[in-house]
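Asker: Let me begin by handing over the structure; questions about it come next.
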Amino acid sequence: MRKHFFSGIQPSGRLHIGNYLGAIKQWISLQDSYEPVFGIVDYHAMTVRYDPLEMPGRVLDAAASYVAAGLDPEKSILMVQSHVPEHVELAWILNCVTPMGRLSRVPTFKEKVRQNPDNVNMGLFGYPILMAADILLYRSEIVPVGEDQVPHLEFTREVARRFNSVFGETFREPVEVLSKGARIRGLDGINKMSKSLENCLYLDDSDEVISKKISTAPTDPARKRRTDPGDPDVCNIYSYHRIFSTPEELEHCAHGCATAEIGCLDCKRILIRHVQEMVAPIRDRRADLLARPDDLIEILRLGAERARPIAQATMAEVKAKVGVAVG
Ligand code: TRP
């Protein structure tokens, strides 16, 4: 039987190629050796202000995006966190072995307080506990995440250790598996790809939008005229070529740029074609899935149905250990 691990997906809609190359591709590669649980973490999403009317749409949108990008709902378990109540049940128990001082030192909490000073709620404070519950509930030994989640994994290991020392050996300490190449820069060439910075290529961008975004993106700033030679090593577009292009194309672009034999637009045309070829099937699958919301709902229902017995088995052991399993 394949082992499980849990990884969380924020119900926040559109995915960009940074998400795809960083996280999703790695998840997909783990689907054969594990039976991963991918949870759309709607309870986590409640820790910041949101519109309740929009939440169901956001959840379906996330499900469609990930399935379109290659998450196979038969090999993996795609579920919604709130559909499996054991997540919050375990979170409560973990609350009771976690010192408040430790939670207040989690860097992501401090950051969220800065970003939402008028909504510092208990859910935000306990966010890492719910995440630890997600992970420990499925006895995850590995957790594929981005680098920004490492403090949460450290926290999860501490919670597991504390629980074990109070109630006896129960949880193994999970380790993070960092996604490779997660740090693709945005089209601005300065920041990492991020929705809020509007520097993204999205997995549902049309061919025209892809072409326009890349055509207008900055290259080597020293290359002002077509006849100026450029330096591929400082060109953001060339850094994309390293991901998308063949060795021959890389050589063609690097040489052409350094000798001014080709212009930036020539180089960009090759990249545009590669990005369009990668995005088109994902975009079309996503649109297909969103046109059949009932099928998506059924996928999520079946996901919860498969996740629940795994979660219940862990909870039976946990409840016995903490002494709330009378009768
Ligand atoms: N905190 C994660 C994020 O913002 C989402 C998440 C929730 C998660 N629970 C998880 C990730 C458990 C990995 C494992 O991206």
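We did not get these values from a lab; they are worked out from the coordinates using the rules stated. Small disclaimer: the values here were computed from a predicted structure and weren't measured. In this analysis, Cβ positions are derived from the backbone assuming ideal geometry, glycine residues included, and neighbour counts consider all displayed protein chains.
Asker: Within the chain, which complete DSSP H helices have Cα atoms spanning at least 30 Å along the helix axis and a mean Kyte-Doolittle hydropathy of -0.5 or higher?
Answerer: Those that pass (Cα extent of 30 Å or more, hydropathy at least -0.5) are 264-290, 293-322.
Asker: Check each of the GluC sites (Glu not before Pro) in region 254-327 and keep only those in coil by DSSP with at most 12 other C-beta atoms within 10 angstrom; list them in order. Please report the intermediate quantities before stating the final value.
Answerer: Working: sites: GLU261, GLU277, GLU298, GLU305, GLU317; in loops: GLU261.
Those satisfying the criteria are GLU261.
Asker: Using only the Cα atoms of region 101-197, build the gyration tensor, take square roots of its eigenvalues as a ≥ b ≥ c, and label the shape rounded, prolate or oblate: rounded if a/c is under 1.5, else prolate if a/b is larger than b/c, else oblate. Can you show the working numbers first?
Answerer: On the way: a/c = 3.09, a/b = 1.43, b/c = 2.16.
It comes out oblate by the Cα gyration axes.
Asker: Which trypsin sites (Lys or Arg not before Pro) in region 161-244 pass both tests, a DSSP loop state and at most 11 other beta-carbon atoms within 10 Å?
Answerer: Details: sites: ARG161, ARG162, ARG172, LYS180, ARG183, ARG185, LYS192, LYS195, LYS212, LYS213, ARG223, LYS224, ARG225, ARG226, ARG242; in loops: ARG172, LYS180, ARG183, ARG223, LYS224, ARG225, ARG226.
Of the trypsin sites (Lys or Arg not before Pro), the ones in loops of region 161-244 whose Cβ has at most 11 other Cβ atoms within 10 Å are LYS180, LYS224, ARG225, ARG226.
Asker: So, one more: Please compute the alpha carbon radius of gyration of region 207-285, then divide it by the globular-protein estimate 2.2 N^0.38 Å. Two decimals is fine.
Answerer: Values: Rg = 12.6 Å, N = 79, 2.2 N^0.38 = 11.6 Å.
Here the answer is 1.09, to two decimals.
Asker: If a/c stays under 1.5 just call it rounded; otherwise compare a/b with b/c (prolate if a/b is bigger, oblate if not). Do that for the chain, with a ≥ b ≥ c from the square roots of the Cα gyration tensor eigenvalues.
Answerer: Working: a/c = 2.30, a/b = 1.94, b/c = 1.19.
The shape class here is prolate.
Asker: Same structure, new question: Quick one: check the C-alpha center-to-center distance for region 31-76 versus region 203-278, whole angstrom.
Answerer: Rounded to whole Å, the Cα centres lie 33 Å apart.
Asker: Return TRP27, TRP92 ranked ascending by Cβ neighbour count within 10 Å, so the fewest neighbours appear first.
Answerer: The order, fewest Cβ neighbours first, is TRP92, TRP27.
Asker: Based on other C-beta atoms within 10 Å, arrange MET46, MET193, MET79 from fewest to most.
Answerer: Working: MET46 16, MET193 22, MET79 28.
Going from least to most buried by this count: MET46, MET193, MET79.
Asker: Suppose R0 equals 25 Å; then what is the FRET efficiency for ASP266 and ILE190 from their Cβ-Cβ distance, rounded to the nearest 0.05? Write down the numbers at each step before the final one.
Answerer: Numbers: r = 24 Å, r/R0 = 0.96.
According to the calculation, E is roughly 0.55.
Asker: Also, I was wondering about something else. Do any GluC sites (Glu not before Pro) in region 72-124 lie in a DSSP loop with no more than 15 other beta carbon atoms within 10 Å, and if so, which? Provide the component values of the computation, followed by the final result.
Answerer: Details: sites: GLU74, GLU86, GLU89, GLU111; in loops: GLU74.
Answer in residue order: GLU74.
Asker: Okay, moving on. Among residues other than MET79 whose Cβ falls under 15 Å from its Cβ, what is the net charge (Lys/Arg +1, Asp/Glu -1)?
Answerer: Numbers: positive: LYS75, ARG301, ARG306, ARG308; negative: GLU35, ASP42, ASP72, GLU74, GLU86, ASP134, GLU298, GLU305.
Result for the neighbourhood of MET79: -4.
Asker: Per DSSP helix of 4 or more residues, -39500 (n - 2.57); summed, then divided by the residues of the chain. What does that give at 222 nm, rounded to the nearest 500?
Answerer: Values: 14 runs with 168 residues, N = 327.
Here the helix-only value at 222 nm equals -16000 deg cm²/dmol.
Asker: Ok, one more. Just to be sure I understand the model, the point goes 7 Å from the Cα along the line to the Cβ. What's the resulting LYS75 to ASP118 distance in nm?
Answerer: In this crude spin-label approximation the distance works out to 4.7 nm.
Asker: Answer rounded, prolate or oblate for region 1-75, using the Cα gyration tensor with square roots of eigenvalues a ≥ b ≥ c: rounded when a/c is under 1.5, else prolate when a/b is larger than b/c, else oblate. Spell out each step's value before the answer.
Answerer: Numbers: a/c = 2.23, a/b = 1.67, b/c = 1.33.
Prolate shape, in that a/c is at least 1.5 and a/b is the bigger ratio.
Asker: With contacts defined as alpha carbon pairs under 8 Å and 6 or more residues apart, what's the relative contact order of the chain in percent?
Answerer: Details: 480 pairs, mean separation 72.3, N = 327.
The normalised contact order for the chain reaches 22 percent.
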